[in-house]
1. Out of SER433, SER452, which single residue is farther than 14 Å from TRP389 by Cα and in a helix (DSSP H, G or I)?
2. Give the residue, chosen from ALA390, ALA358, ALA339, ALA399, that is more than 28 Å from THR532 (Cβ to Cβ) and among the aliphatic types (A, V, I, L, M).
3. Within 50 Å of the chain's Cα centre (by Cα), open to solvent by less than 20 Å² (accessible area, probe 1.4 Å) and at pLDDT 75 or above - does that describe any residue in region 116-137?
4. Being of a type in the set (Ser, Thr, Tyr) and either surrounded by fewer than 20 Cβ atoms within 10 Å (Cβ to Cβ) or free of Cβ contacts under 8 Å to residues at least 24 places away in the same chain (or both) is the filter here, so list the residues in region 149-180 that pass it.
5. Within region 436-449, track down each residue that is in contact (Cβ under 8 Å) with a residue 40 or more places away in the chain and outside any strand (DSSP E or B).
6. Given the structure, is VAL515 touching a residue at least 40 places away in the same chain (Cβ under 8 Å) and of a type in the set (A, V, I, L, M)?
7. Of all the helices (runs of 4 or more DSSP H) wholly in region 467-577, which have at least 3 residues that are closer than 18 Å to ASN416 by Cα and open to solvent by 30 Å² or more (accessible area, probe 1.4 Å)?
8. As an exercise: evaluate GLY204 against (1) open to solvent by 10 Å² or more (accessible area, probe 1.4 Å); (2) farther than 22 Å from ARG299 by Cβ and give the number of the one condition it does not meet.
Amino acid sequence: MQVASISRGKRRPATPGNAGGLASVEMPDTDPVFADARQLYLDAIHIPAALIVLEGGQPRIAACNTPFQRIGGKDADGDKAHGLVAAVQAFLEGVEARHDLDWHQPGIGGRTFRLHLSRMPLQGEHEQRALVTLVDRTAEVETARSLRAEMLHDSLTGLPNRLAFGEAIEESIETENSDDSFAILAVDLSRFSRINECVGALAGDELIITVARRLVSALRHGDMLARMAGDEFGVLMRGTEGGEDVVAAAARLQAALSTPIRLSELEIRVDCSIGGAMWDKRINTSGDLLRNAQVALKRAKYSGQIELYQQGEANHARRRFSLETELRRAIEQDRLSLAFQPLIHLQTGTVSGFEALARWDHPDQGQISPTEFISVAEESGLIVPLGRWALDATARTLAEWDREHGGQLPLKLCVNVSPVQLARDTVVTAVKSALDHNHIGGQRLTLELTESTIVADPERANHVLNAIHDLGCRVAMDDFGTGYSSLAYLQKLPIDILKIDRSFVTNMHENGDSVAIIRAILSLARTLGMSTVAEGIETAEAERTLANLGCDTGQGYYFARPLLACDALDFYRARKA
């Protein structure tokens, strides 16, 4: 940007070197004192400053200080200052009193300035004037650029992070057209936390770096890998050709990790679960697409296969999350109830007790299936307060029946204990609290645990079941025959009752193998001194067959569906009469 000096004599014409830039214009000698004062004022300003006038439709420099001259350089062509010239001209032709904008000096190594324009009083009849000052923001801009680069990248692997990944997805959504598509993959490393515990944090970091390199090597040109969290990665696939293309890409990622990774003297094989989601025009944000991939990833962890998001899964996930919130409120506000299914002594037909079953009558949605809300409770951790509520409500109901009857009833109530509750809660303390609070003896309560619960952690199960026995309660193994229990567990663990799963009872007259299995379970129970309960009895024929085989107790729709507490007591009285 050519900058000429100001003289007190006649006006110096603009030199050819400053064509297209800001040319200088000298003030006439009519007021040399004013010209000197103006120059002294500009020279006193330590930042680049200049007085610009609009003359003949073009901005001209009337005066400037030395820092302003250094910005342009005496030999620079007009294109270097083009952006500055255009900004000043637009301001002078306008009506604003002040205007600020950023200006980047063209060329390699060009600096960034904050340009301040202030309109000055008119000189003469039509001449527009402005004071221009520039504040160097180069260091600030570079720092911001550096911080943003750090903010968008993972410090360990150097890969884009979750924020950068989301921005890339948003950009793909904005630029997507009907002839092309894209998809994302969510990759979660299996057992990484256990590996990290075994090899240490530094070796774990080395493992993550190696995994990242392998995943990058399996990508196509144009695809993007990001580190989303500690052991989770994301892949943005551009130009996909359908679900098969996405699954094939996910398979390549898994194959890249199939070879063991050597860390010191260890060889570690890293497995991963992968869920994918394809973009369609109904998806408007990166968050929606990421959520879909996470939904698919969750399914992949259970199935052990590559999974793609299916339409409607997000709605299902939202419903489960909504149910979690409402279930928490229902537990806190005691808006759940119990239903009681009779347990019938097959030899006498009398009622020996009831199984307590949780029920949820939602004010807007009606009855919600126990299968649905109990699975939500187990997934969210609400099974602990739900299980404690069920124990207390069962004991409270039995105490109320005793008061109504005028004495202790010869009934036992059974209540289910979830595997999650057994793992997370102090079940023995919860049982004791329910018994003490309602003044019920432990011999009137039976706790039902599934076969898988007991087998998952036999040592813990043995400790808990013995403590439950010390309270006088009995223990029943529910759904027996459907799991993979060892007979040694039945011999060692304090189990009192085996409940024969309904799948054997329902089919026993069409499937001879079911009868053989039931006969074997009954024989095993007698040998071990346990009593038996058959679930799912729905016909008189099934009742007679089980009674003839020697089964002690039965329950099912043939006798009664689950009943309200008042109806259950009436059912007991009617059977007794």
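The values are calculated or read from the model by the stated rules, or taken from the named source; none is laboratory data. Given the structure is predicted, the values throughout are model-derived calculations rather than measurements. Note that we place each Cβ from the backbone using ideal geometry, even for glycine, and neighbour counts take in every protein chain shown. In case anyone asks, the SASA skips ligands and DNA or RNA and just uses the protein heavy atoms, side chains included. Shrake-Rupley method; radii C 1.70, N 1.55, O 1.52, S 1.80 Å.
1. Numbers: SER433 fails: farther than 14 Å from TRP389 by Cα.
It is SER452.
2. None of the other options fit; the residue is ALA399.
3. Yes - at least one qualifying residue is present in region 116-137.
4. In the first step, residues of region 149-180 are kept if they are of a type in the set (Ser, Thr, Tyr); the result is 155, 157, 172, 175, 178.
Passing the criteria: SER155, THR175, SER178.
5. Just the residues of region 436-449 that are in contact (Cβ under 8 Å) with a residue 40 or more places away in the chain, to begin with: 437-440, 444-446, 448.
Answer for region 436-449, where residues must be in contact (Cβ under 8 Å) with a residue 40 or more places away in the chain and outside any strand (DSSP E or B): HIS437, ASN438, HIS439, ILE440, ARG444.
6. Working: touching a residue at least 40 places away in the same chain (Cβ under 8 Å): no; of a type in the set (A, V, I, L, M): yes.
Answer is no for this residue.
7. On the way: elements: 487-492, 502-506, 512-528, 540-549, 565-576.
Fully inside region 467-577 and qualifying: nothing.
8. Answer for GLY204: the failing condition is (1).
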